[in-house]
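A.B. asks: Okay, handing you the structure first.
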Amino acid sequence: MLHYNDEFETPNVKVMRYCMNSFGVNTYLLISKKTKIAAVIDPGGEVPTLIDALKSEGAKVSHILITHAHIDHVYGAEGIKQAFPEARITYHSKDQIVADSLSDMARMFGVPSCTMPAQEIDLAKDPEFSVGDIQLRSLLTPGHTPGGVCFYIPEEKLLFSGDTLFKNSVGRTDFEGGSGEELMQSLKLLQEVIPDDVQVLPGHGKYTTMGIEKKTNFYFHVDRWR
């Protein structure tokens with residue numbers, strides 16, 4: 001189920017967003033305008049649509065980037081891997097326990113299960129990497145899941161925040177492995193290292209900026225209410 005798609009460009013990259021599946025997850029195609037090397041971030045499904053879009057851009061996929069291994073963010077991982085065998089499955093090893101419980105999560109929500117391809121890059125060991133000429137840095141931001149991460153591209157002022165940070169909200173912490181305390185620490189990290197003018201591209205919902213969230217997001221100011 002594809003709800004909508006849009007796209008935008010920075011000087012060096014093209015970003016294509018597809019909001020899909022019954023959970024309304026945002027899947028992103030990150031494409032270098034110079035090299036046409038691409039990453040698929042949180043492939044939520046609609047694999048033929050994503051493949052067609054990548055081929056229309058002449059893109060070669062080097063990475064399948066997983067912000068966290070909840071089922072709605074990985075439905076399409078196996079299909080993308082089959083279409084682009086050279087693409088490396090990339091996530092944090094602390095989320096392996098989540099990846100191993102996809103069938104349990106499927107039963108919880110009454111949706112079909114899926115399988116997660118084997119991890120090829122562990123962000124615990126290699127937090128910084130490149131997609132073509134795009135330099136990315138992964139930030140470990142647990143709370144929603146034990147190994148949840150955000151993908152930060154300083155030169156392009158982009159942050160793919162997964163389910164750590166939404167516009168005016170944050171990811172839930174009541175699933176197994178979630179932690180409200182860890183999520184607050186993750187928000188503190190983002191507040192300290194991400195400049196105000198960085199665009200935030202969340203796992204669900206609308207785009208925002210770090211500056212807006214620092215000012216308006218309740219969860220950045222929880223201490224004021226204690």
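The values are calculated or read from the model by the stated rules, or taken from the named source; none is laboratory data. Remember, predicted model here, so these are calculated numbers, not experimental data. Counting neighbours? That spans all protein chains shown, and the Cβs are built from the backbone with ideal geometry, glycine included.
A.B. asks: Of all residues in the stretch 29-53, which are more than 21 Å from ILE153 (Cβ to Cβ) and in a helix (DSSP H, G or I)?
C.D. replies: VAL47, PRO48, THR49, ILE51, ASP52
A.B. asks: When you look at SER138, is it touching a Cys at 6+ places or on another chain (Cβ under 8 Å), within 17 Å of THR67 (Cα to Cα) and outside any loop (DSSP other than H, G, I, E, B), yes or no?
C.D. replies: Considered against the rule, which asks whether it is touching a Cys at 6+ places or on another chain (Cβ under 8 Å), within 17 Å of THR67 (Cα to Cα) and outside any loop (DSSP other than H, G, I, E, B), SER138 comes out as yes.
A.B. asks: Condition test on SER161, is it among the hydroxyl-bearing types (Ser, Thr, Tyr), assigned to a strand (DSSP E or B) and in contact with a helix residue (DSSP H, G or I) (Cβ under 9 Å, 6 or more places away or on another chain)?
C.D. replies: On the way: among the hydroxyl-bearing types (Ser, Thr, Tyr): yes; assigned to a strand (DSSP E or B): yes; in contact with a helix residue (DSSP H, G or I) (Cβ under 9 Å, 6 or more places away or on another chain): yes.
When the stated conditions are applied, SER161 passes them.
A.B. asks: Quick check on my filter: what residues within the stretch 135-167 are charged (D, E, K, R) and either surrounded by 22 or more Cβ atoms within 10 Å (Cβ to Cβ) or within 9 Å of the chain's Cα centre (by Cα) (or both)?
C.D. replies: Listed by number, the list holds a single entry, ASP163.
A.B. asks: For the stretch 118-127, give me the residue count where each residue is among the hydrophobic types (A, V, I, L, M, F, W, C) and outside any loop (DSSP other than H, G, I, E, B).
C.D. replies: Number satisfying all stated conditions: 1.
A.B. asks: Now a separate question. Of the residues ALA39, ALA69, ALA87, which is under 23 Å from GLU176 (Cβ atoms), crowded, with 20+ Cβ neighbours inside 10 Å and in contact (Cβ under 8 Å) with a residue 24 or more places away in the chain?
C.D. replies: Going through ALA39, ALA69, ALA87 in turn, just one is under 23 Å from GLU176 (Cβ atoms), crowded, with 20+ Cβ neighbours inside 10 Å and in contact (Cβ under 8 Å) with a residue 24 or more places away in the chain: ALA69.
Here is a yes/no grid of residues against (1) part of a strand (DSSP E or B); (2) in contact (Cβ under 8 Å) with a residue 40 or more places away in the chain; (3) under 24 Å from CYS19 (Cα atoms); (4) in contact with a Phe, Trp or Tyr (Cβ under 6 Å, 6 or more places away or on another chain):
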site	(1), (2), (3), (4)
PRO142	no, yes, yes, no
ASP174	no, no, yes, no
LYS188	no, no, no, no
GLU192	no, no, no, no
ASP196	no, no, no, no
PHE220	no, no, no, no
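A.B. asks: Considering only residues that are touching a Leu at 6+ places or on another chain (Cβ under 9 Å), at pLDDT 95 or above and within 19 Å of THR90 (Cβ to Cβ), which ones fall in the stretch 19-47?
C.D. replies: ASN26, THR27, TYR28, LEU29, LEU30, ILE31, ALA38, ALA39, VAL40, ILE41, ASP42, PRO43
A.B. asks: Consider only pairs whose beta carbons are under 7 Å apart and that are at least six residues apart or on different chains; among these, list those whose first residue lies in the stretch 202-218 and is buried (at least 21 other Cβ atoms within 10 Å of the Cβ) and modelled with pLDDT of 95 or more and whose second residue is among the aromatic types (Phe, Trp, Tyr) and in a helix (DSSP H, G or I).
C.D. replies: GLU213/PHE220
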